[in-house]
Amino acid sequence: MDATPTSELTSTPGQHVVEPLQDEGGGHSTSRRPDPLIGIHLCGSTALVWRTADVRAAREAGVVGSLVGALPRQPRQNGRLGRPLQLGQEELRLLLEKQASGDDIESSAPNSEGEVQQAQTECYEEEQRSSFEAQSILALEERKSALLRAMGGAKQGGGTSQPDGGVSGRLEVLDQSFVFPRSAVAVQLRTARAGLSHCSDERTLLSAAQPGSSQRAPRSESRFQVFRDLRQRGYYITSAGKFGGDFLVYPGDPLRFHAHFIAVCVALDEQLPLVDVLAVARLGSNVKKTVLLCSPGGPAAPVHYTSLQWSGMV
């Protein structure tokens, strides 16, 4: 087993390393399009992202999360899941830090809460009008089908035969006289958008009680420092609970790449039993991944990485 301490992430031959984007002059690119504001809903201690646009924006920001909702057409299976997107504590903190930086609000966004509410009201009224017109057409077609079935049954039952002209005449009268009442319109309840109408004071009060806003444990703080440092290097991170680590580190989107590293967060002065080091290194070798011992140096200090690779028994 080889242990390689490094201050920069390395990779074995054939592995892909993500480098920061650079401009044509050789320096790091600083001009970028502002990131959209992502709506995050808190359900107890769980952070959820409901809207499709917010899920896409989180993905573009490098936050993977995990889908925990059922698909509307296949609710009785858990092989493929849908919205909402559940965020981990480190992913939630990273998004909150980016949104608190002031660089994430689009310039085309409304300038006041009144404009936001007015736009939402106009959109809701337009949806109601469209829904009423569509349901009116469906109700008329259903009434016509019922009329044709009733007249066809009367003919088969030995009643007086009705000429085709009479059927068309009744359908024309139905077209002219049919009125669909607005009280019969089916209305969709917007449960997924609950909480979006809070005013600024209410949002401030709710944000004070959100998970992670109180004094954080040193363990969670070190995990977040490692998570943030890996994201700044361009890597994608997911949970590594089933691999015995803290994070799985991907060189790109997890839908396209396999994980290259298993990150284990340890303190610089923490003493690890040799058996535990051998176990995690052996596990990483079995799943064809490199184990990284990630040790944050402090709030402003860099994160130190030590790679472990199993090279055989001596």
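The values are calculated or read from the model by the stated rules, or taken from the named source; none is laboratory data. Keep in mind that what you see is a predicted model, and the values were worked out from it rather than measured. With ideal geometry, Cβ positions are generated from the backbone for all residues, glycine too; neighbour counts draw on all protein chains shown. Just so you know, the surface numbers come from the protein's heavy atoms only, side chains and all, with ligands and any DNA or RNA stripped out. Shrake-Rupley method; radii C 1.70, N 1.55, O 1.52, S 1.80 Å.
Looking at the range 123-135, is at least one residue open to solvent by 90 Å² or more (accessible area, probe 1.4 Å) and modelled with pLDDT under 85?
Yes, the range 123-135 contains a residue that is open to solvent by 90 Å² or more (accessible area, probe 1.4 Å) and modelled with pLDDT under 85.
Report yes if some residue within the range 189-203 is small (Gly, Ala, Ser), at pLDDT 75 or above and open to solvent by 40 Å² or more (accessible area, probe 1.4 Å); otherwise report no.
No, there is no match, as no residue in the range 189-203 is small (Gly, Ala, Ser), at pLDDT 75 or above and open to solvent by 40 Å² or more (accessible area, probe 1.4 Å).
Going by the structure shown, is GLY39 modelled with pLDDT under 85, part of a loop (DSSP other than H, G, I, E, B) and touching a helix residue (DSSP H, G or I) at 6+ places or on another chain (Cβ under 6 Å)?
Yes; evaluated as a whole, the condition is true for this residue.
Looking only at the range 74-100, which residues are of a type outside the set (D, E, K, R) and either loosely packed, with under 12 Cβ neighbours inside 10 Å or touching an Asp or Glu at 6+ places or on another chain (Cβ under 6 Å) (or both)?
Across the range 74-100, the qualifying residues are PRO75, GLN77, ASN78, GLY79, ALA100.
Being within 30 Å of the chain's Cα centre (by Cα), closer than 23 Å to LEU94 by Cα and small (Gly, Ala, Ser) is the requirement here; does ALA267 meet it?
For ALA267, the condition - within 30 Å of the chain's Cα centre (by Cα), closer than 23 Å to LEU94 by Cα and small (Gly, Ala, Ser) - is not met.
Could you tell me whether any residue of the range 9-26 is at pLDDT 55 or above and in a loop (DSSP other than H, G, I, E, B)?
no
Of the residues in the range 267-295, how many are open to solvent by less than 40 Å² (accessible area, probe 1.4 Å) and either modelled with pLDDT under 90 or at positive phi (or both)?
4
If you check GLY252, GLY244, which single one turns out to be in contact with a strand residue (DSSP E or B) (Cβ under 8 Å, 6 or more places away or on another chain), more than 19 Å from LEU87 (Cα to Cα) and either of a type in the set (Ser, Thr, Tyr) or surrounded by fewer than 22 Cβ atoms within 10 Å (Cβ to Cβ) (or both)?
GLY244
What is the number of the single condition among (1) of a type outside the set (D, E, K, R); (2) open to solvent by less than 90 Å² (accessible area, probe 1.4 Å); (3) over 24 Å from THR52 (Cα atoms); (4) modelled with pLDDT of 85 or more that ALA150 does not meet?
Just one mismatch for ALA150, condition (4).
Please find, within the range 46-73, the residue that is nearest to PRO254 (Cα to Cα) out of those that are open to solvent by 60 Å² or more (accessible area, probe 1.4 Å) and touching a Pro at 6+ places or on another chain (Cβ under 7 Å).
VAL68
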